[in-house]
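J.: Before anything else, here's the structure in question.
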Amino acid sequence: MENSQEIWSNIIFELEKNYDHDLIDDVFSECSVLKDNGMGLIYILVNSKFVQSRINSIFYLPINNLLKKLYDKPIRFKFVTKEEFIEEENKYEEKPVIKTQSFESNLNGAYTFNSFIVGESNRFAQRSAFLTAQQPGTTYNPLYIFGGVGLGKTHLMQAIGNYYLDDHVDSKVLYITTQNFIKEYSLSAKNKELDKFDEKFNNLDMLLIDDIQMISSASKTQEAFFNIFVNLTNKNKQIVITSDKPANQLDNIMDRLTTRFTNGLSVDIHTPNLELKCNILKYKLSQQSPASVGDDVIEYIATLFDNIRELEGCLRRVLAYADINDVDVTLSLAKEALSSIVNSKKTSDSEEKYENCKSIICDFYNISISDLVGKKRTSNIVIPRQLCMYILRNKYGVVLDDIGKMLGGKDHTTVMSGVAKIENELKTNSELKLSYQTILKKLNLE
Ligand code: ADP
Ligand code: MG
């Protein structure tokens, strides 16, 4: 077996085949092998947090894949700063040597508690996740984390796994998306290898299953998951589940499962407020780039979305834009860099408004959307259709052609006469006027 120095050089050599030489040089030239703990964990010294975060976010998975490809023996690199290494040494001083059995955990090393910024909206979830990581399988089992897209569920879930794995290199922690769980199950069933499948999952020390709302309604997959769930929780092995909704609102999942999901602890991550969004952006900035970016720019970006992933995208775009044009990051530059994103957001916000208008009118008149946009000419349908044209034109300022398109491809003269018809009717028809006013209220327009 090669020594750790050779392993490290090999990996750099392999990375250079796939990445730009300057990038590899830039990131890795100051890194060095610090220590091989003899159990498959090799510490690599990095000279700053900045480099560490670049490695963890860009190279962690490729390096793991290379290690797996090149060596039969399980090996893991851990990138540490000097201070972190000293801390680790103290931590391990009195611990007995653990025998390694490695296992592909699928974890992304960048998702840690350290890199998770806490605010009002995620404090409870973070606290619960941290306690779970410290005492897995005991207090909150399963831990069920739910909330909207891009709010940090996957990050928090993986932080639990990474934290635990740091102290228990030999344990079998598995992160898997629900889609991959289904895929693996179907493939095993097809190849008549369900024994292997069961063995893999039933021997885990910790199972992190992401986006459980995606579990198919196929009862066999659910049954398989149910069995694993019961088996692992009976053995006090920690399970962490994420979802976009609370367990009792999951459709198509057997009650037997959803009730068990609530046996442990359910926590939700709410929409972040402006302060948290700014703090997260500032943190991401400090990890990604030495560029100086004013608070006004950070705040401008933070107002655009609630989804943190989108905010990160905006920040990256602004930085790249400044970099490419070789100028400083200012508020006006940020606005310029993000103008197309802001415009398409406006468009999609408007589209949402128009769709909402259509469905409120349909609800009010108790007709279906397909009737509203269809060709039927009975008066119970023509009136709502024309009223919809009128509101889109007069309240939202949509042009006639576009209204026609939104209502199933009517031409603009049809829309024009529909709008005129309602305008006249409103003058004399008090029943229509009342309906119109009620609808405006529902649309928050009056
Ligand atoms: P979800 O799984 O809820 O859709 P993710 O966990 O994938 O969201 O988060 C999306 C992105 O936002 C990730 O890059 C994650 O690191 C980042 N993120 C979300 N919340 C935070 C936070 N509180 N602190 C730092 N980064 C965060
Ligand atoms: Mg996710």
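Laboratory data are not the source of any read-out in this text; all were calculated from the coordinates shown. None of the values given here were measured: they were computed from a predicted structure. Methodologically, a virtual Cβ is constructed for each residue, glycine included, from the backbone with ideal geometry; neighbour enumeration extends over all protein chains shown.
J.: Just to check I understand the Karplus step: with θ = phi - 60° and J = 6.51 cos²θ - 1.76 cosθ + 1.60, what whole-Hz values come out for region 6-14, glycine and proline as x?
T.: 5, 4, 4, 4, 4, 5, 4, 4, 5
J.: Next question, about the same structure. Just to be sure I understand the model, the point goes 7 Å from the Cα along the line to the Cβ. What's the resulting ASN252 to GLN5 distance in nm?
T.: Taking the two extended label points, one gets 5.7 nm.
J.: A further question follows. Quick one: net charge of ASP268's neighbours, Cβ under 12 Å, K/R +1, D/E -1?
T.: That sum, taken over residues with Cβ under 12 Å, equals +2.
J.: With all distinct Cα pairs included, what does the Kirkwood hydrodynamic radius of the chain come out to in Å, to one decimal, could you say?
T.: It is 26.0 Å.
J.: Subtract the Cα-Cα distance of ASN343 and LEU440 from 0.36 nm times their separation in residues, and report this length gain in nm to one decimal.
T.: Working: separation 97, 0.36 × 97 = 34.92 nm, distance 2.61 nm.
So the extension gain works out to 32.3 nm.
J.: Most exposed first by the Cβ proxy, i.e. fewest other Cβ within 10 Å, how do VAL342, VAL415 rank? All intermediate terms of the calculation are to be shown ahead of the outcome.
T.: Details: VAL342 14, VAL415 27.
Listing VAL342, VAL415 from fewest to most nearby Cβ atoms yields VAL342, VAL415.
J.: Neighbouring Cβ atoms within 10 Å as the yardstick, rank THR271, THR132 fewest first.
T.: On the way: THR271 13, THR132 29.
Fewest-to-most Cβ neighbours within 10 Å comes out as THR271, THR132.
J.: Give me the net charge of LYS237's neighbourhood, meaning all other residues with Cβ under 12 Å from the Cβ of LYS237; Lys, Arg count +1, Asp, Glu -1.
T.: +1
J.: Mind checking which of ASN424, ASN203, ASN252 has the largest fluctuation in a GNM of the chain, springs on alpha carbons under 10 Å?
T.: Greatest mean-square fluctuation among the candidates belongs to ASN424.
J.: Using Cα-Cα distances under 8 Å and only pairs 6 or more residues apart, what relative contact order does region 374-446 have, in percent?
T.: 27 percent
J.: How fast does region 148-215 diffuse by Stokes-Einstein, in µm²/s, taking the Kirkwood radius from C-alpha pairs at 4 °C and 1.567 mPa s?
T.: On the way: Rh = 13.2 Å.
It comes out at roughly 98 µm²/s.
J.: May I ask for the distance between the Cα centers of region 128-204 and region 274-338, given as a whole number of Å?
T.: 33 Å
J.: State the answer as a single residue: which of CYS314, LEU407, VAL342 lies farthest towards the positive end of the charge dipole of region 291-446, with beta carbon charges of +1 for Lys and Arg and -1 for Asp and Glu, about the Cα centre.
T.: Result: LEU407.
J.: Which residue fluctuates the most in the chain, going by a Gaussian network model with Cα springs under 10 Å, if the choices are ALA334, ALA189, ALA247?
T.: Maximum fluctuation in the GNM of the chain, among the listed residues, is at ALA189.
J.: Moving on. Please compute the net charge surrounding GLU16, taking Lys and Arg as +1 and Asp and Glu as -1 over other residues with Cβ under 13 Å from its Cβ.
T.: That works out to -4.
J.: Under 28 Å from the Cα of LYS335, which lysines turn up, not counting those fewer than eight places away in the same chain?
T.: Output for LYS335: LYS277, LYS282, LYS284, LYS345, LYS346, LYS353.
J.: Can you say what percent of the DSSP beta bridges in the chain, counting only those with both residues inside, are antiparallel? Round to 5.
T.: Antiparallel bridges: around 15 percent, rounded to the nearest 5.
J.: Considering amide H positions built from the backbone, and no H for Pro or chain starts, which residues 5 or more places from GLN238, or on another chain, come under 5 Å of its amide H?
T.: Residues meeting the criterion, in which the H sits 1.01 Å from N, are GLY137, LEU207.
J.: How far is helix 60-70 tilted off the main Cα axis of the chain, in degrees rounded to 10, range 0 to 90?
T.: 50 degrees
J.: To continue, here is another question. State, to one decimal in nm, how far the label point of GLU223 lies from the label point of GLU16, with both points 7 Å from Cα in the Cβ direction.
T.: The answer from the label model is 5.6 nm.
J.: Charges only on Cβ, +1 for Lys and Arg, -1 for Asp and Glu: so what's the dipole of region 159-234 about the Cα centre, in debye to the nearest 20? Don't skip to the end; give the middle numbers.
T.: Numbers: 7 positive and 12 negative charges, 83 e Å.
That gives a dipole near 400 debye.
J.: What is the chain's relative contact order, in percent, from Cα pairs under 8 angstrom and six or more apart in sequence?
T.: Across the chain, relative contact order equals 12 percent.
J.: Still on this structure: Lys/Arg Cβ at +1, Asp/Glu Cβ at -1, dipole of region 261-341 taken about the Cα centre: which of ILE301, SER266, ILE280 is farthest positive-ward?
T.: The residue sitting most towards the positive pole is SER266.
J.: Let me make sure I get this right: for region 388-446, a, b and c are the square roots of the gyration tensor eigenvalues over alpha carbons, sorted descending. Under 1.5 in a/c it's rounded, otherwise prolate if a/b > b/c, else oblate. Which is it?
T.: oblate
J.: Moving on. Would you work out if region 82-237 is rounded, prolate or oblate? Take a ≥ b ≥ c from the square roots of the eigenvalues of the alpha-carbon gyration tensor; rounded if a/c is under 1.5, else prolate when a/b is larger than b/c, oblate otherwise.
T.: oblate
J.: Kirkwood hydrodynamic radius of region 214-269 from all distinct Cα pairs, in Å?
T.: For region 214-269, the Kirkwood estimate is 11.9 Å.
J.: On to the next question. Which residue fluctuates most in the GNM of the chain (Cα springs below 10 Å): LYS235, LYS17, LYS345?
T.: In this elastic network of the chain, the residue with the biggest mean-square fluctuation among LYS235, LYS17, LYS345 is LYS17.
J.: While we're on this one: Spelling out what I want: for every residue of region 351-363, take phi, set θ = phi - 60°, compute 6.51 cos²θ - 1.76 cosθ + 1.60 (Karplus), and round to whole Hz; glycine and proline get x.
T.: Those phi angles translate into 4, 4, 4, 5, 4, 4, 4, 4, 6, 5, 5, 4, 4 Hz.
J.: Given 0.36 nm per residue, what is the gain on full extension from GLU299 to GLU336 after removing their alpha carbon distance, in nm?
T.: Going from the current span to full extension adds 11.8 nm.
J.: Under the rule a/c < 1.5 gives rounded, and otherwise a/b versus b/c splits prolate from oblate, where does region 250-346 land using the Cα gyration tensor?
T.: Taking the square roots of the gyration eigenvalues as a ≥ b ≥ c, region 250-346 is prolate.
J.: So between PHE130 and LEU426, what do we pick up on full extension, going 0.36 nm a residue minus the alpha carbon distance?
T.: So the extension gain works out to 100.4 nm.
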